[in-house]
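The values are calculated or read from the model by the stated rules, or taken from the named source; none is laboratory data. All values reported here derive from a predicted model rather than from experimental measurement. Cβ placement follows ideal geometry from the backbone for every residue including glycine, while neighbour counts extend to all protein chains displayed. Side chains included, ligands, DNA and RNA excluded: accessible areas come from the protein's heavy atoms. Shrake-Rupley method; radii C 1.70, N 1.55, O 1.52, S 1.80 Å.
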Amino acid sequence: MLRQQVVRCRLIQRSRKALLKNCYATVSQTSPREKDTLNALVYRVNSATDTVENGPLKDVRVAVKDNICTAGIPTTCSSRILETFKPPYDATVVKLLREAGAPIVGKANCDEFGMGSLNLWSIHGPALNPSQYDKSPGSEVELRSAGGSSGGSAAAVAAGLCDAALGTDTGGSVRLPASYCGVVGLKPSYGVLSRWGVVSYADSLDCVGILGKSVGHVQRVFQTLNKFDDKDPTAVHPDARKQAGFLCQERVNAWPGDATLSNLRVGVPQEYFPTELSTAILQPYRNVLRSLAKRGAQIIPVSLPSTHYALSAYYVIASAEASSNLARYDGIEFGLRVDPDNMNHVNQAGDIYAQTRTFGFGEEVQRRILLGTYALTADAFDNYFLQAQRVRRLVRADFDNVFSARNVLSSTSSAPECGVDILLHPSAIRTAPPLVHDAERDVYKLKGSKDDLDAYLQDVLTVPASLAGLPAMSVPAGVGEDKWPVGVSIVGQWGCDEAVLKVGEEIEKIIGNGEAIEDRHEMRK
Amino acid sequence: MLASRGRAIFKLTPCYSRYVHQSRDPIPDKRWPGWAVVVGIEVHAQIKSREKLFSDTWTSTLSQEPNTRVSAYDAAFPGTLPRLNPKCVELGVRTALALGAKVQHRSAFDRKHYFYPDLPSGYQITQHYAPFATNGTLRLPKSAVEVRITQIQLEQDTGKSTSEAHGSTTYIDLNRAGTGLMEIVSEPDMRSPEEAAEYVRALQSVLRSVGSSDGNMEQGSLRCDVNVSVHKLDKPGEFGTRCEIKNLNTIKGMTVAITSEVLRQIQVLENGNKVAQETRGFDEDRAETYTLRSKEDAPDYRYMPDPNLPPLLLKEDYVSNIRSHMPDLPGPIQARLLNMGLTQRDTEVLMAIDSGREVGYDGALGQGAVAYFDTVAQGRDPKVVVNWITHELLGQLSHRQETFTQNPMTAAQMGDLVDLVQSKRITGTSGKLILRHILEHKTTTMPSQLAQELLLLAAQNDDSLKQWCNEAIEALPSEAQKVREGNERTLNRILGHVMKISRGRANPESAKTMLLSILK
């Protein structure tokens, strides 16, 4: 395929209007409860040709987020610019799934290139949330967002379309939809799961994440994918993994679980309760803390003082990297190409690219490219990009100052005397936000929202762990006052993914989540 | 060719600082009386590695079909990631050591952004903030000038775009995209177009001797951007505003471009105007430079640390290991050869062959003439060996219109041949015959074996020698008579006949003695 690429920049007139007409995806207006109208899967795989038979994951049906490459299967990143793109290769994580025999059911909807918190920025339309708990026969179905950017992955798991799903998490894109949809969502330590074949949004933050209907499912998939990949230059060396695993195991052994959690030290970060945090979230969160304390865990308030600056730093870094990573979508080697209407206005290559990029990228992606491009200009670089990197180091140091385990990736880190084993905080500032259907434009939007910045605010609770590269997992903690799911997040020291999973399992036992999803399916039938 | 677009505009600034650069006095020149010239050069040399800098695709030569050496990474397909080729680093370190530069224990890769069709990812990976080597020098052999090297950095080459003269189609060839480059930046230490040319030649020679690059300007594996400024001869240190001339592809073109740029700048100044800092191109046909873009139009490359590539950490023992296995540099090689008793002329012949030799991939040093000589000369008389190589072997090759790289005769074969002749088991004439036979038939058979097959072994016993001598005397009775009468000069004609019927196997000295003993 590559051999034949004598690529030509041919300048042909073409009607943009004709293209526009075909490209807006529409969402069926029937009940979102029905599996095929959730819009969770945007491509279904019927036969599993490359999957090993009778592998250890043969009973785990998996959906793959549409920004993770699947050989010969469309990988659109929910972007018009890659609408017809079929990569000639599998991402390493997909290859590992196939080798373990996991049946891949399809590609999951997401925000364009992973940029968004509501899965509204997608050429496939929004992924809708199937998780309304209060489902009495004949009651009104409420349209709510599945969250983003891995909204399709979360919705597919919640609706029982699969047992687990791959997502990506750059600033909360796995944990947030997991929280909204009432499923488990793990963002592993940065550098642990291979990013080869995962379409880059912000390389220094992007992680492959795993969503599942139970902690056990997530753990099985995680253990399958947790392999050093020398094709990923950011993969952490096996020695460091082993070292972190050892430190982590020491702590886990101290709290055997079940009967007693007496040596488990749970940190509650003060800064994670902003005024925007909905009170509906607090009750389920407190219940979890109370139950853990009842079983002997020590609840310890901690402070992570740089948290306030984390959100701004995150958006500068993520946008800067995005502006760089998305420069490759120019319509030359692959993907969409739009030729200019009028050749007389074409003086340089950029004039041609502008057509493709203006038409091919959605609003949010364009916004972040512009922001990131500005942050990297010579005038702004020091005040924005470098400043954000400084904040990032402070955020990392904050975490290292509270955890009982040393950060093996940092030569200067030494664990404090009475550090905490994990941090526990609400995953989101609210339950899944309601959507309204704008019949005129046939698109969905956030109900009652005035400001685009509202969407960014949500990331306050999830971006610090992303900036620090730490493992973080949202597990269901019951429902809020509105009967929609609430998640709590467990954050651990780098490389302590197993400890995070272990605590998740304990919380799952308290909440009885495994049955919860099944119950909902039963009720739906 | 686009790899370096406009880079120097801000990067060279520190080197031009008036306070730093005082090392050389201005040099008067008849061509521009009263004016002094200052030149700095940025060289982009393609690293001769088998695989590209960040992918395992093979590098290409100009003869490859377009777009046959392209991987998904080279074409910037989504999801692909770079993986640094350690061979490129090793060749970079060799180059840095050869230039006496300090290899940094920690360097890093950055992205330089611009949109162009032959740059598929929209950025070039380079080492803008932290180059891997700094502070080197290159001593120019003829003028004995020490040119300071500011820094050496690793970076990616771009693809190539070709446009039809009046068409609207641009063709893209990604074979070259992602090939490793070394950017070698000099201080403004040259004072004439000729010194600039000498610098590039000296650099080419260093690159080839350490095996890091072909350094071939015609084939584009070495490209130069030149910074030129002029100032009043009587105001040393008060450097003028510089202009950068991009993409000079021959040494001759470079000297012409510098000369014409110097004259242009002097003209501007003498007319009472100021030289504007800008980037200029060179029109070879008109022997003139022209404005590409002014300083104000310099693009903002939005340099950013590459978030995929960890810092390049080079430990001291890695560097010292490379240092201890460094191939010899041109200066020390010549000294060594002279020390072995070779003449100046012989060393020059051998080294001239090497400067044009093919550089092997990944630092494998091609079997050059010096290495060939060294192998053959082991345990043999160097002067005899160099004669066989420079006179007989090179003579025959050039007679056959072949180059040394096409030489089919192995060093082992050459050694065997020299031994056969030196031990008088064959004659020199037979030796030359065997050499020609090997070149002609490209055989791998050893000369001692060939000597037997071709019946060339010098007559070892007196019987056959006596027989040939008697035959010769019978064939030339009148000449024999003259010898008997004391005319020994005629002996040579009979001796010639002996050599002929023995097909060179007879040892001339022994035959001469034998003939005399028979005839007297």
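Of everything listed in (1) open to solvent by less than 10 Å² (accessible area, probe 1.4 Å); (2) in contact with a Ser or Thr (Cβ under 7 Å, 6 or more places away or on another chain), the single unmet condition for residue B:246 is (1). Considering each residue of region B:441-456 in turn, none proves to be at pLDDT 90 or above and of a type in the set (Asp, Glu).
On the stretch given as region A:211-269, residues that are within 14 Å of chain B (Cβ to nearest Cβ), touching a residue at least 60 places away in the same chain (Cβ under 8 Å), surrounded by fewer than 18 Cβ atoms within 10 Å (Cβ to Cβ) and closer than 16 Å to residue A:497 by Cβ total 1.
For region B:331-384, the set of residues classified as in a helix (DSSP H, G or I), out of contact with any Gly (no Cβ under 8 Å at 6 or more places or on another chain) and among the polar types (S, T, N, Q) consists of B:334, B:339, B:344, B:347, B:355, listed by residue number.
Kindly provide the set of residues from region A:379-402 that are touching a residue at least 12 places away in the same chain (Cβ under 8 Å) and either hydroxyl-bearing (Ser, Thr, Tyr) or not in a helix (DSSP H, G or I) (or both), ordered by number. The one that is touching a residue at least 12 places away in the same chain (Cβ under 8 Å) and either hydroxyl-bearing (Ser, Thr, Tyr) or not in a helix (DSSP H, G or I) (or both): A:384. Taking region A:370-383, which residues are in contact with a helix residue (DSSP H, G or I) (Cβ under 8 Å, 6 or more places away or on another chain) and within 11 Å of chain B (Cβ to nearest Cβ)? Hits for region A:370-383 are A:372, A:373, A:374, A:375, A:376, A:380, A:381.
At least 1 residues being on the phi < 0 side of the Ramachandran plot, surrounded by 13 or more Cβ atoms within 10 Å (Cβ to Cβ) and of a type in the set (Phe, Trp, Tyr) is the threshold, and among the helices (runs of 4 or more DSSP H) wholly inside region B:414-491 those reaching it are B:462-475.
Only one of the listed residues (B:302, B:323, B:264) is touching a strand residue (DSSP E or B) at 6+ places or on another chain (Cβ under 6 Å) and not β-branched (Val, Ile, Thr). That residue is B:302. Restricting attention to region B:492-511, the residues that are at pLDDT 85 or above and open to solvent by 80 Å² or more (accessible area, probe 1.4 Å) add up to 3. Among residues that are surrounded by fewer than 20 Cβ atoms within 10 Å (Cβ to Cβ) and assigned by TED's automatic domain parsing to the domain that holds residue B:62, residue B:179 is not included. Inspection of region A:111-118 identifies at least one residue that is under 30 Å from residue A:228 (Cβ atoms) and in contact with a strand residue (DSSP E or B) (Cβ under 7 Å, 6 or more places away or on another chain).
Taking the criterion of being farther than 30 Å from residue A:356 by Cα, in contact with a Leu (Cβ under 9 Å, 6 or more places away or on another chain) and open to solvent by 10 Å² or more (accessible area, probe 1.4 Å), the only residue of region A:83-98 that qualifies is A:96. Flag not set for residue B:70, criterion: away from chain A (no Cβ under 14 Å) and either closer than 20 Å to residue B:118 by Cβ or at pLDDT 95 or above (or both). Working only within region B:74-90, note down all residues that are at the interface with chain A (Cβ under 9 Å from one of its Cβ atoms) and at negative phi. If the condition is that a residue be at the interface with chain A (Cβ under 9 Å from one of its Cβ atoms) and at negative phi, then B:74, B:75, B:77, B:78, B:80, B:81, B:82, B:83, B:84 are the ones that fit. Only a single item in (1) among the polar types (S, T, N, Q); (2) assigned to a loop (DSSP other than H, G, I, E, B); (3) under 30 Å from residue B:78 (Cα atoms); (4) open to solvent by 10 Å² or more (accessible area, probe 1.4 Å) is not met by residue B:161, and it is number (2).
Condition (residue is touching a His at 6+ places or on another chain (Cβ under 7 Å) and either within 14 Å of chain A (Cβ to nearest Cβ) or open to solvent by less than 10 Å² (accessible area, probe 1.4 Å) (or both)) applied to region B:51-60: is it met by at least one residue? No, the conditions are met nowhere in region B:51-60. Look at (1) touching a residue at least 12 places away in the same chain (Cβ under 8 Å); (2) away from every other protein chain (no Cβ under 13 Å); (3) more than 24 Å from residue B:324 (Cβ to Cβ) and you find that residue B:120 fails only one, number (2). Of the candidates B:208, B:223, B:280, B:201, the single residue that is more than 19 Å from residue B:28 (Cα to Cα) and touching a His at 6+ places or on another chain (Cβ under 8 Å) is B:223.
Looking across region A:54-70 at every residue that is within 11 Å of chain B (Cβ to nearest Cβ) and in a loop (DSSP other than H, G, I, E, B), the one that is surrounded by the fewest Cβ atoms within 10 Å (Cβ to Cβ) is identified as A:69. Would you check if there is a residue in region A:188-204 being away from chain B (no Cβ under 14 Å), among the aromatic types (Phe, Trp, Tyr) and either in contact (Cβ under 8 Å) with a residue 40 or more places away in the chain or out of contact with any Gly (no Cβ under 6 Å at 6 or more places or on another chain) (or both)? No - not one qualifying residue is present in region A:188-204. Residues that are out of contact with any strand residue (DSSP E or B) (no Cβ under 9 Å at 6 or more places or on another chain), part of a helix (DSSP H, G or I) and more than 9 Å from chain B (Cβ to nearest Cβ) do occur in region A:326-348.
When B:167, B:159, B:178 are checked against the criterion of being on the phi > 0 side of the Ramachandran plot and not polar (S, T, N, Q), B:178 stands alone in meeting it. Residues that are open to solvent by 20 Å² or more (accessible area, probe 1.4 Å) and over 29 Å from residue B:306 (Cβ atoms) were ranked within region A:402-423; the one that is farthest from the chain's Cα centre (by Cα) is A:417.
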